[in-house]
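Participant: Below is one structure. I have some questions about it.
The values are calculated or read from the model by the stated rules, or taken from the named source; none is laboratory data. Predicted, not measured: the structure shown is a model, and the values here were computed from it. Glycine gets a Cβ as well: all are built from the backbone with ideal geometry, and neighbour counts include every protein chain shown.
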Amino acid sequence: MSFINIENVKKIYQPNGTSSFTTVLHGISTDIEEGEFVALMGPSGSGKTTLLTIIGAMNQPTEGRVVVDEIDIYSLSEEKRADFRREYLGFVFQQHHLLPYLTAIENVMLPLTITKLSSSEKKQKALIALDRVGLADKWNRLPNQLSGGEQGRVAIARALVNEPPLILADEPTGNLDSKTGSEIIEVLRSLNEQGQTIVMVTHNPEAAAEAHRILRIQDGLLLADEAYEKSLSPGRGKHSIKAV
């Protein structure tokens, strides 16, 4: 079984105060292997972020199921699903959401607040995460003392600090200039080369080209699965397109 199995996922919303329904996802099915870097692309409103939140155990589908590491995540109770998110997932958002009055290491330590680790153990894990994104030497800087790219790397380190098997990134370069955006994608690519599984929503074709596969979504449908002919390791390969 693949690491992530998405089976006939549909999502229908009923806006408050209305009798109408909006179908955002029309029965999407796909698999993602452990160690893959997968990009979700499509126009605004296509359903790609909805799919990402469903994979992230934050948005229950109307129909279908999502299985991660053989765990049917929407068969879990709310409490167990929260435990799943803490253990399995790291999130990187378009807005970095760094607390301005906390240093880089203090921001990275935030997900460890509810753990039973000692203060020294939390600090050590946060330093390791910062080192993985190349910022161990700036652990004591406040966000306003860091560049945009460095703030993005702190946000990635925070997502890594619990050592989750899966990173979900929603438009991580969306508000950045091209140079800074390239820095962030390079960090994600490097992490993937170390074995990290990553699913990323992006509008940026250059960012998406660093992935092993591009899933193109439009009007809630999975239109194409574009795979680079390369192993789950460094290096670019030929591009092949499969209609879905």
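Participant: May I ask you to verify whether SER29 is over 17 Å from the mean Cα position of the chain (by Cα), in a strand (DSSP E or B) and either closer than 28 Å to ILE185 by Cβ or at pLDDT below 95 (or both)?
Facilitator: For SER29, the condition - over 17 Å from the mean Cα position of the chain (by Cα), in a strand (DSSP E or B) and either closer than 28 Å to ILE185 by Cβ or at pLDDT below 95 (or both) - is met.
Participant: From (1) under 18 Å from PHE91 (Cα atoms); (2) assigned to a helix (DSSP H, G or I); (3) of a type in the set (Ser, Thr, Tyr), pick out the condition that doesn't hold for THR173.
Facilitator: Against the list (1) under 18 Å from PHE91 (Cα atoms); (2) assigned to a helix (DSSP H, G or I); (3) of a type in the set (Ser, Thr, Tyr), THR173 comes up short only on (2).
Participant: Still on this structure: Of everything in segment 79-114, what is surrounded by fewer than 14 Cβ atoms within 10 Å (Cβ to Cβ), more than 19 Å from the chain's Cα centre (by Cα) and under 29 Å from ARG189 (Cβ atoms)? Give them in sequence order.
Facilitator: LEU99, PRO100
Participant: Within the set of pairs 6 or more residues apart or between chains, which connect a residue that is farther than 14 Å from LEU176 by Cβ inside segment 91-106 to a residue that is surrounded by fewer than 15 Cβ atoms within 10 Å (Cβ to Cβ) with Cβ atoms less than 6 Å apart?
Facilitator: THR103/ASN140
Participant: Considering only residues that are out of contact with any Ser or Thr (no Cβ under 8 Å at 6 or more places or on another chain) and at positive phi, which ones fall in segment 34-50?
Facilitator: GLY42, GLY45, GLY47 - these are the residues of segment 34-50 that are out of contact with any Ser or Thr (no Cβ under 8 Å at 6 or more places or on another chain) and at positive phi.
Participant: Considering only residues of segment 55-64 that are touching a helix residue (DSSP H, G or I) at 6+ places or on another chain (Cβ under 6 Å) and farther than 30 Å from GLY181 by Cβ, which is surrounded by the most Cβ atoms within 10 Å (Cβ to Cβ)?
Facilitator: Once the filter is applied, the top-ranked residue is PRO61.
Participant: Within segment 32-81, work out how many residues are without any contact (Cβ under 8 Å) to a residue 24 or more places away in the chain, farther than 16 Å from SER2 by Cβ and not in a loop (DSSP other than H, G, I, E, B).
Facilitator: Residues in segment 32-81 being without any contact (Cβ under 8 Å) to a residue 24 or more places away in the chain, farther than 16 Å from SER2 by Cβ and not in a loop (DSSP other than H, G, I, E, B): 6 in total.
Participant: Please list, ordered by first then second residue, the pairs with beta carbon atoms under 8 Å, 6 or more apart or interchain, first in segment 125-147 and at positive phi, second modelled with pLDDT under 95.
Facilitator: Once the first residue is at positive phi and sits in segment 125-147, its partners that are modelled with pLDDT under 95 give GLY134/ARG153; GLY134/VAL187.
Participant: Now for a different question. Could you tell me which numbered condition GLU210 fails, if it satisfies all but one of (1) more than 15 Å from the chain's Cα centre (by Cα); (2) in a loop (DSSP other than H, G, I, E, B); (3) of a type in the set (D, E, K, R)?
Facilitator: Result: GLU210 fails condition (1) only.
Participant: Looking for something surrounded by fewer than 20 Cβ atoms within 10 Å (Cβ to Cβ), touching a Ser or Thr at 6+ places or on another chain (Cβ under 7 Å) and free of Cβ contacts under 8 Å to residues at least 60 places away in the same chain - is there at least one such residue anywhere in segment 195-207?
Facilitator: No, the conditions are met nowhere in segment 195-207.
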